1. Taking segment 150-173 as the region of interest, how many residues are among the basic types (Lys, Arg) and free of Cβ contacts under 8 Å to residues at least 60 places away in the same chain?
2. Please pick out the residue among 137, 128 that is open to solvent by 60 Å² or more (accessible area, probe 1.4 Å), within 16 Å of the chain's Cα centre (by Cα) and aliphatic (A, V, I, L, M).
3. Mind listing whichever residues of segment 22-53 are open to solvent by 30 Å² or more (accessible area, probe 1.4 Å) and over 30 Å from residue 161 (Cα atoms)?
4. Only helices (runs of 4 or more DSSP H) wholly contained in segment 195-293 count here; list those with 1 or more residues that are away from the ligand (no atom under 16 Å from the Cβ) and over 21 Å from residue 132 (Cβ atoms).
5. Identify all residues within segment 49-97 that are in contact (Cβ under 8 Å) with a residue 12 or more places away in the chain, closer than 25 Å to residue 169 by Cα, in a loop (DSSP other than H, G, I, E, B) and away from the ligand (no atom under 13 Å from the Cβ); write none if there are none.
6. More than 20 Å from residue 287 (Cβ to Cβ), touching a Pro at 6+ places or on another chain (Cβ under 6 Å) and open to solvent by 20 Å² or more (accessible area, probe 1.4 Å), is that true of residue 117?
7. Which of the residues spanning segment 152-204 are among the polar types (S, T, N, Q) and open to solvent by less than 10 Å² (accessible area, probe 1.4 Å)?
8. Just to be sure I understand, how many residues within segment 236-261 are surrounded by fewer than 17 Cβ atoms within 10 Å (Cβ to Cβ) and not charged (D, E, K, R)?
Amino acid sequence: MQIINEEKIFADKIDEEIKIEPKDWMPDQYRKTLIRQISQHAHSEIVGMLPEANWITRAPTLRRKATLIAKVQDEAGHGLYLYSAAETLNISRDEMLKQLHSGKAKYSSIFNYPTLTWADMGAIGWLVDGAAIMNQVPLCRCSYGPYARAMIRICKEESFHQRQGFEILLTLSKGSKAQKQMAQDAINRWWWPSIMMFGPNDDASPHSKQSMEWKIKRFSNDELRQKFIDVCAEQVKILGLVLPDEKLKWNEETKHYDFGEINWEEFRNVVNGNGPCNKERLEARVKAHEDGAWVRDAAAAYSEKRKSREQKAVA
Ligand code: BYC
């Protein structure tokens, strides 16, 4: 009888747009879905630092270098807010990291592609952060309080990231012929992987229906992908460049851009660990974790020392 009441209270809160908080009763599957999504999101932020960190030492000016360092640091911060939000659901950070390092937990497919030129920093900012914003702004209204609140700050920072990327591409597009070509080449390589970030088509997305009922997700994968394509198809004109899709065309009837076929086989391959950089990315994460063990040990020892000093002072 008690459970029935709790289920009803939970369902009413979802209906009435009242946030679910960590100590509230929630269905086990709701908790598991959130742990899965939030931890994979956190892993994406942390793994997402790697492709950009690759260019910090080679940024073309001091201003570009300082901005890129700040952006990469922001991604670390996003990872930390998200790990903290997931911890409120009764999973430890150690457990989440174990799942990442063993390959059990996913992270966004996009970070398994290499960053070959400086223009890739522009394309990542414009397209990857742009796709992230499109997906994450609705998550600020997610039914789970800690996730929704973490997303508000993350989205503000993502918006700065997106603009810095667009500005890099705009500068290159107004530069020499070779610079313009470098910008176009980066867009050509990042476009399709960016639109894959939204996940499988709705009819192949096993989690969407339930996640939308629980108001974890507010829009489906295809709805968000379409919004993103519509925005980019206009923005690319300002750059004087093109998106690499011959079928991209405004449809007067639907009031959206039609677009070409996504290579879902490539998506599946990358998600299943066989993308161009999967192995390299995971190895780098595991090594960073192992190399950082002394920092965690020192912090834990310091905390113990402080605690025992405080206890002695009270006694
Ligand atoms: N890559 O039923 P579906 C960033 C998986 S970080 C890999 O549609 P769902 C940034 C999915 O997990 C951006 N896997 O799932 C950082 C599921 O697998 P499992 C990260 C993907 O959860 C640094 C299966 O496919 N953003 O922007 O309803 C620098 C079935 O999919 C992908 C987030 O994490 C993918 N692209 O919807 C710069 C946002 N797509 O778990 C930028 C939060 C799907 O059953 N996450 N899968 O094994 C979400 O909004 C949702 O989880 C998704 C997927 C839309 C991604």
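The values are calculated or read from the model by the stated rules, or taken from the named source; none is laboratory data. Just so we're clear, the structure is a prediction, and the values are computed from it rather than from any experiment. Every residue, glycine as well, gets a Cβ built from its backbone with ideal geometry; the counts of neighbours run over all protein chains shown. Heavy atoms of the whole protein, side chains included, go into the accessibility calculation; ligands, DNA and RNA do not. Shrake-Rupley method; radii C 1.70, N 1.55, O 1.52, S 1.80 Å.
1. Let us first name the residues in segment 150-173 that are among the basic types (Lys, Arg), namely 153, 156, 163.
Among the residues that remain, those that are also free of Cβ contacts under 8 Å to residues at least 60 places away in the same chain are: 156, 163.
Counting residues in segment 150-173 that are among the basic types (Lys, Arg) and free of Cβ contacts under 8 Å to residues at least 60 places away in the same chain gives 2.
2. On the way: 128 fails: open to solvent by 60 Å² or more (accessible area, probe 1.4 Å).
Answer to the selection: 137.
3. 22, 23, 24, 25, 28, 29, 31, 32
4. Numbers: elements: 208-213, 221-239, 264-269, 278-291.
Output list reads 221-239, 278-291.
5. Selection gives 59, 60.
6. Values: more than 20 Å from residue 287 (Cβ to Cβ): yes; touching a Pro at 6+ places or on another chain (Cβ under 6 Å): no; open to solvent by 20 Å² or more (accessible area, probe 1.4 Å): yes.
For residue 117, the condition - more than 20 Å from residue 287 (Cβ to Cβ), touching a Pro at 6+ places or on another chain (Cβ under 6 Å) and open to solvent by 20 Å² or more (accessible area, probe 1.4 Å) - is not met.
7. In the first step, residues of segment 152-204 are kept if they are among the polar types (S, T, N, Q); the result is 159, 162, 164, 171, 173, 176, 179, 181, 184, 188, 194, 201.
Residue satisfying the conditions is 194 alone.
8. To start, the set of residues in segment 236-261 that are surrounded by fewer than 17 Cβ atoms within 10 Å (Cβ to Cβ) comprises 237-238, 240, 242, 244, 246-247, 249-256, 258, 260-261.
From what's left, not charged (D, E, K, R): 238, 240, 242, 244, 250-251, 254, 256, 260.
The number of residues fulfilling the criteria is 9.
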